[in-house]
Amino acid sequence: MKRPMVQGWAARIEALSSRRLVLLLIGLFALAHSTYYLLGVRFDDLSLPFGVHVLDPEFLRHRLAESLFYLHSQPPLFNLFLGLIVKLFPGHELVAFQFCYLAAGLALYLVLFALLRSLALSRALALGLSTWFMVSPSFVLYEHWLFYTLPMAALLALSALLFHRVIDQARAWQAAAFFSVLLLICLLHSMFHLLYYAFVMGALLLLRRNSRRCILLAGGVPFLLLLSLYVKNSVLFHQFTTSSWFGMSLYSITARAMPLEERRQLVAKGELSPFVLIRRLSPLSAYPRRYLQVPGFENVPALRQVVKSTGANNYNHLAYIALSKEYLRDDLRVIFHRPRAYLVGLLNAWLCYFRSSSDYPLLYGNLRRIVPVNCLYDYLFYGKVPFYRVHSSRVQIYYAPFAEPRLYVFLLAGLPALVIYGLRAGLRRDAGSPLSASQRLLVLYACFNIMFVAFVWNSVEVTENHRFRFATDPLYVLLLGLALQHSRLRHLPGRVVRRLRRRSR
């Protein structure tokens, strides 16, 4: 009796040399992206002129250092990247951006494969899972959008791989590389706070007591660089953080969760300020004029310009620091005096977290070109409901992006189950554990980052939580690979193939 087809392909993959395996991965990446290109997917760089997180492109070209120094709304790394590209490749920014993001996508694909192999997964399973993630609509859509979401996913995955190397070998260059990546993560998104860096560094010092000097030297310099950014913002703006938008972010999950009429009544009673009636991140013209006239830094255009040269609003204006503080006061009043509203906001945040990460309005330009592929992933792998609707006496596939509420039952049930499985596998220390000590710590590092992003961001934000989750989706794939490798599910493909072959005879 001949071996099943799946086992035959698996044996061939296992027999490949490392060089040919890398060429195979690159070939699959090129094939998938060529297919998406034929379907009409193109790089979207509209964030450069109109993105709320982006400085005026003219400042990026001509006043980059000054504008980054006075940037209070966001950590500086993403705008630094944008500024370097527009300076180095004038007139060819789109091509340069697309090249960088394709390189980041390929790096994420290769790093995810290496991560899966770090848990001793078979080559075939690691190849299948990493490719399944790479060809997903979410991966390609974020890879073709000029924002920090895909680079963040690549950096988090790389940090997990380097964390395993440090735990396993603790060489100086590996520790330096790990903390450098950790610094980039903290400079890319304000959610990854100075305390996050300190916690990870402290954990490594406890786990690798014999290498404390190496870890202190490797992690100390990036820590001081990150601390200097916090000190600079504290001195200039009285904000010991890398983003001044905390109050406006929290508004979306507190006061915004209350019905408009209830907010109006509370404003009339004097329990809340009129700010709860103004949409966050509104143009400055929507707020009292005194905020527009806030004094200070008159010679710094990045802080005084109301509208960017592209016509978009400048959200790095100095006024937004005071506005965010006003929102924060109302946020805290709602949390302490109207906790039910905050609980409703938390529920909305978690439901948003478990949505497909491709279900995001700013991706729609490319998403509308790959509706069938996206439907396949949403319905088959994510369990999207409703699956169909009745219209004009016919059953139609239901797909209306961003029009109606959706629920993804496989994500809702499967993602928590993967984290629970990962925690159990990582904390298991008996002789029967299939994982080594370094592998268990890698799994725990993945679970820590997943839970950090989920619990921190779902506590302060709503509407973009599924986009934030995408940064940890490679870590979820890592946990899925662990579950498949050490469960009966790994035999499922072979069983399916054998059954199909028997029926075809």
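Annotations for the structure displayed:
- Screening HIS62 with (1) under 20 Å from LEU480 (Cα atoms); (2) surrounded by fewer than 19 Cβ atoms within 10 Å (Cβ to Cβ) gives one miss only, at (1).
- The residue of the stretch 48-59 that is farthest from VAL373 (Cα to Cα), among those that are crowded, with 16+ Cβ neighbours inside 10 Å and modelled with pLDDT under 95, is HIS53.
- Residue match in the stretch 113-133 (condition: among the aromatic types (Phe, Trp, Tyr), touching a residue at least 40 places away in the same chain (Cβ under 8 Å), within 18 Å of HIS164 (Cβ to Cβ) and touching a Leu at 6+ places or on another chain (Cβ under 9 Å)): yes
- Residue list for the stretch 337-360, filter: surrounded by fewer than 17 Cβ atoms within 10 Å (Cβ to Cβ) and over 21 Å from VAL453 (Cα atoms): HIS337, PRO339, ARG340
- Contacts under 9 angstrom Cβ, first residue in the stretch 1-29 being of a type in the set (Gly, Ala, Ser) and surrounded by 14 or more Cβ atoms within 10 Å (Cβ to Cβ), partner assigned to a helix (DSSP H, G or I) and at pLDDT 80 or above, 6 or more apart: ALA10/ARG123; ALA10/ALA124; ALA10/LEU125
Yes/no per residue for (1) in contact (Cβ under 8 Å) with a residue 40 or more places away in the chain; (2) surrounded by fewer than 21 Cβ atoms within 10 Å (Cβ to Cβ); (3) touching a strand residue (DSSP E or B) at 6+ places or on another chain (Cβ under 6 Å); (4) of a type outside the set (S, T, N, Q):
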site	(1), (2), (3), (4)
PRO416	no, yes, no, yes
LEU423	no, yes, no, yes
PRO434	yes, yes, no, yes
ARG440	no, yes, no, yes
PHE452	yes, yes, no, yes
GLU461	yes, no, no, yes
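- Options PRO295, PRO259; residue that is surrounded by fewer than 14 Cβ atoms within 10 Å (Cβ to Cβ) and closer than 20 Å to HIS337 by Cβ: PRO259
- Every listed requirement among (1) modelled with pLDDT under 95; (2) aliphatic (A, V, I, L, M); (3) within 20 Å of LEU475 (Cα to Cα) is met by LEU155 save one, (1).
- Of all residues in the stretch 218-263 being of a type in the set (D, E, K, R) and at pLDDT below 95, the one that is farthest from ARG329 (Cα to Cα): GLU261
- Residue match in the stretch 193-200 (condition: among the β-branched types (Val, Ile, Thr), over 30 Å from LEU48 (Cα atoms) and modelled with pLDDT under 95): no
The values are calculated or read from the model by the stated rules, or taken from the named source; none is laboratory data. Computed from a predicted model, the values in this text were never measured in an experiment. Glycine also receives a Cβ, built like all others from the backbone with ideal geometry; neighbour counts cover every protein chain displayed.
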